[in-house]
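The values are calculated or read from the model by the stated rules, or taken from the named source; none is laboratory data. Keep in mind it's a predicted model, so treat the numbers as computed, not measured. Cβ coordinates were reconstructed from backbone atoms using ideal geometry, including for glycine residues, and neighbour counts include every protein chain displayed. Quick note on the areas: whole protein, heavy atoms, side chains included, nothing else; ligands and nucleic acids left out. Shrake-Rupley method; radii C 1.70, N 1.55, O 1.52, S 1.80 Å.
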Amino acid sequence: MKLRWQKIVIPAILVAAVGLVVVAKHIKYTCDWKAVDTAGSKTTAVDNVVNNENAEQLPLLLELGSHSCIPCKQMMPILKELTESYQGQLRVQFIDVMQDNESAQKYNVQLIPLQIFFDKQGNELFRHEGFFAKEDILAKWKELGIELTDKK
């Protein structure tokens, strides 16, 4: 009888412990990249970013993702670096589609992260689903005819 009890309770405790670790890591994660994040705004972030007549007329890399998505989290440092390295040449924007459903619907988001490349006029040039390395992003801009010079 004692052996049967141990076979049930010990695995249950282990599963609970692993679950607590996963939840704790999820709660601990906070995005420190706030400068280009519009999550939580009342208007559709895409309308503000792509169609804003007051914005600089620069090419735009729009990332639609979620703060809870692991590949999206992996993209955050890349997006931050692009923002810093190509300031004045490229705009970079992140939209959390879990908080801004209108943007997800407007751009027919099927898989996140989704990167959409826009020209200076706001015309969509290219889209990519999934993780996209910095070197590949820069190569795509070059392929699209947009040369970027690293300011660092």
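Against the conditions (1) open to solvent by less than 40 Å² (accessible area, probe 1.4 Å); (2) in a loop (DSSP other than H, G, I, E, B); (3) within 17 Å of Pro59 (Cβ to Cβ), Gln115 satisfies every one except (2). Condition check for Glu135 on (1) at pLDDT below 95; (2) within 21 Å of Ile70 (Cα to Cα); (3) of a type in the set (D, E, K, R); (4) surrounded by fewer than 14 Cβ atoms within 10 Å (Cβ to Cβ): one failure, at (1). Given the condition more than 25 Å from Asn123 (Cβ to Cβ), in a loop (DSSP other than H, G, I, E, B) and at pLDDT 90 or above, answer yes or no: does some residue in the range 95-105 qualify? Yes.
The set of residues from the range 70-94 being polar (S, T, N, Q) and part of a helix (DSSP H, G or I) comprises Gln74, Thr83, Ser85. Residue check: is Gln87 of a type in the set (S, T, N, Q), closer than 22 Å to Trp141 by Cα and at pLDDT 95 or above? Against the criterion (of a type in the set (S, T, N, Q), closer than 22 Å to Trp141 by Cα and at pLDDT 95 or above), Gln87 does not qualify.
For (1) over 22 Å from Phe132 (Cβ atoms); (2) modelled with pLDDT under 95; (3) not polar (S, T, N, Q), each residue gets a yes or a no:
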{"position": "Ala24", "(1), (2), (3)": "yes, yes, yes"}
{"position": "Lys28", "(1), (2), (3)": "yes, yes, yes"}
{"position": "Cys31", "(1), (2), (3)": "no, yes, yes"}
{"position": "Thr43", "(1), (2), (3)": "yes, yes, no"}
{"position": "Asn51", "(1), (2), (3)": "yes, yes, no"}
{"position": "Glu63", "(1), (2), (3)": "no, no, yes"}
{"position": "Met76", "(1), (2), (3)": "no, no, yes"}
